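A short write-up of the structure that comes next.
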2 protein chains.
Amino acid sequence: MATIKVPEHVPSPAEDCEQLRKAFKGWGTNENLIISILAHRNAAQRSLIRKTYAEMHGEDLLKELDKELSSDFERIVLLWTLEPADRDAFMVNEATKRSTSNNLVIVEVACTRSPLELFKARQAYHARFKRSLEEDVAYHTSGDIRKLLVPLISSLRYEGDEVNKSIAKSEAKILHEKIANKEYNHDELIRILTTRSKAQLLTTFNHYNNEYGNAINKDLKVDPKDEYLKLLRTTIKSLIFPERHFSKILRLAINKLGTDEWALARVIATRAEIDMERIKEEYFRRNSIPLDRDIAKDTSGDYERMLLALIGHVDA
Amino acid sequence: MATIKVPEHVPSPAEDCEQLRKAFKGWGTNENLIISILAHRNAAQRSLIRKTYAEMHGEDLLKELDKELSSDFERIVLLWTLEPADRDAFMVNEATKRSTSNNLVIVEVACTRSPLELFKARQAYHARFKRSLEEDVAYHTSGDIRKLLVPLISSLRYEGDEVNKSIAKSEAKILHEKIANKEYNHDELIRILTTRSKAQLLTTFNHYNNEYGNAINKDLKVDPKDEYLKLLRTTIKSLIFPERHFSKILRLAINKLGTDEWALARVIATRAEIDMERIKEEYFRRNSIPLDRDIAKDTSGDYERMLLALIGHVDA
């Protein structure tokens, strides 16, 4: 469930554009006005605002925002305003670049979007970068990490809930054997994780747990510093329990000495319209403190107001 | 360019369905009537006929054809009548099964369809088989062949004609090194072939040819019996010169002792609406005999009439 609050009577895109134009003009920028509009419009509405803005003022709204805003506040507003598929393309591209490399973002996009959303992100990547998403991921990675990431990001998993129990059983056995032998990069292990449907994997992991006594991710927690193993665990968790994955990313981002603003903005911009309500529940369950209180403690100013508005904080 | 001949004034789908119904009724089936309708309708028209038939007669046209027809004639009519994406899904599924295993078909579908057509085939696979296409391909293959086929069939290559010449140069060098070292299954070689756009690959292969003196496929022709190498060569050829690939498949199918009817029907059913005119040209250039004469020599009856109609033979 989404956390953003869209007013009952939404102004027309033209009215929103007039207000935004006003917010950019005059002495300094009116950040509160920007938040009061953009944080309270859904993806379709924001897309229409952007289109209307270009028609009315001959400028790309994103470029205007880029000119007017700065630092963390700018980043969350820009990420939020992008169309979801284009945003995913943008973030994955950043994640493949040396200076902003982040394989976890690639796993996250590959495993927590629906098959069709992932496909749309791949199409948006073509339009924006004139290359394919998997092409850049493959080019910028190597070895085991490439072996895992390329099929993950190219997958079009079946979405139905039909499950083959005998395959689940035999594949739980394969997974257990490979993990017991420390063959974490085995072809079969990667095949199972990158091609099976979420419903099928859930059955497989449950069987693994029942038959072999440990959750699969516990058995994969052998070396906390090994990046490949960490990505494997992230794959599993974000496929079957995405709100727990996101809640943990938020906790790590906030608890860091110097908040990880990119992770915070990424999770909030990508989930506010999807499952942020459940992420907040999971966050509270795990940390006994509401997410909005933790965010308010670690951030400030317009940036704080924007984040809180997106996660549905009442005063924002 | 397509070879099928659609009449200037096409009867309504309801009229076509009435005629088809007539062809099924009475003493024996009227195969000529079936050919005269189905072989002369494009994909959109056939799809409408199938839909109308179900509405008018409460039966699936494909099931009726399956009941009325038999052997090679039945197969070409069924393949032809299927929607292209569904047909690809159907053929790839056959190709993953032990009794009808055919990795070349998987390469062909992966490399000669447009990125969007390949995506639609993957969607059709979900609908028809309740699993993903890459899931079945990965499950039924192993080793080097899996390593090549899974990324090929999951790709969404960039379609634009932008080319990066310095990458083409450096990747031609990588390809040449790996091939010279007989590392045909090297990660980098597979990465290049499975992720780069067709325009980029064309530039890379041309650079390879100019710089190292041989066409890349010539350098890969070291062991004619090695299936993996054969699939590599098919990948390259069907990406950059599909009509030559198809023309060769037709020649091999026809020249075989006992024509390979499946290959013949596959190429004709899948290309008659796409590039069969160019395939015929290529066939003639290579074999100095027109394709229709070769087909007429090797086939007979309704089957022959259907094939000839699809490749635009004047009398059919």
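The values are calculated or read from the model by the stated rules, or taken from the named source; none is laboratory data. Being a predicted model, the structure only gives us computed values, none of them experimental. Cβ coordinates were reconstructed from backbone atoms using ideal geometry, including for glycine residues, and neighbour counts include every protein chain displayed.
Miscellaneous remarks
- Yes/no for residue A:228 being among the hydroxyl-bearing types (Ser, Thr, Tyr) and touching a His at 6+ places or on another chain (Cβ under 9 Å): no
- Hits in the range B:46-59 (condition: in contact with a helix residue (DSSP H, G or I) (Cβ under 6 Å, 6 or more places away or on another chain) and not basic (Lys, Arg)): B:48, B:49, B:52, B:53, B:56
- Close pairs (9 angstrom Cβ cut-off, 6 or more residues apart or separate chains): outside the structural domain of residue A:118 (by TED's automatic domain parsing) and among the hydroxyl-bearing types (Ser, Thr, Tyr) in the range A:86-99, surrounded by fewer than 18 Cβ atoms within 10 Å (Cβ to Cβ) and outside any helix (DSSP H, G or I) anywhere: none
- Leading residue by the ranking (farthest from the other protein chains (Cβ to nearest Cβ)) among those in the range A:190-217 that are over 24 Å from residue A:115 (Cβ atoms) and among the polar types (S, T, N, Q): A:214
- Criterion: outside the structural domain of residue B:39 (by TED's automatic domain parsing) and within 18 Å of the chain's Cα centre (by Cα) - qualifying residue of B:273, B:227: B:273
- Any hit, the range B:43-61, residues being under 16 Å from residue B:305 (Cβ atoms) and surrounded by 19 or more Cβ atoms within 10 Å (Cβ to Cβ): no
- Yes/no for residue A:187 being surrounded by fewer than 20 Cβ atoms within 10 Å (Cβ to Cβ) and within 14 Å of chain B (Cβ to nearest Cβ): yes
- Of the residues making up the range B:206-219, those that are more than 24 Å from the chain's Cα centre (by Cα) and part of a helix (DSSP H, G or I) number 8.
- Residues that are among the aliphatic types (A, V, I, L, M) and without any contact (Cβ under 8 Å) to a residue 60 or more places away in the chain within the range A:116-162 comprise A:116, A:118, A:121, A:124, A:127, A:133, A:137, A:138, A:150, A:156, listed in sequence order.
- Among (1) assigned to a loop (DSSP other than H, G, I, E, B); (2) closer than 27 Å to residue A:301 by Cα; (3) without any contact (Cβ under 8 Å) to a residue 60 or more places away in the chain, the one test that residue A:40 misses: (3)
- Of the criteria (1) surrounded by fewer than 20 Cβ atoms within 10 Å (Cβ to Cβ); (2) small (Gly, Ala, Ser); (3) touching a helix residue (DSSP H, G or I) at 6+ places or on another chain (Cβ under 9 Å), which one residue A:121 fails: (1)
- Subset of the range B:184-200 that is of a type in the set (S, T, N, Q) and assigned to a helix (DSSP H, G or I) - its residue that is farthest from residue A:138 (Cα to Cα): B:200
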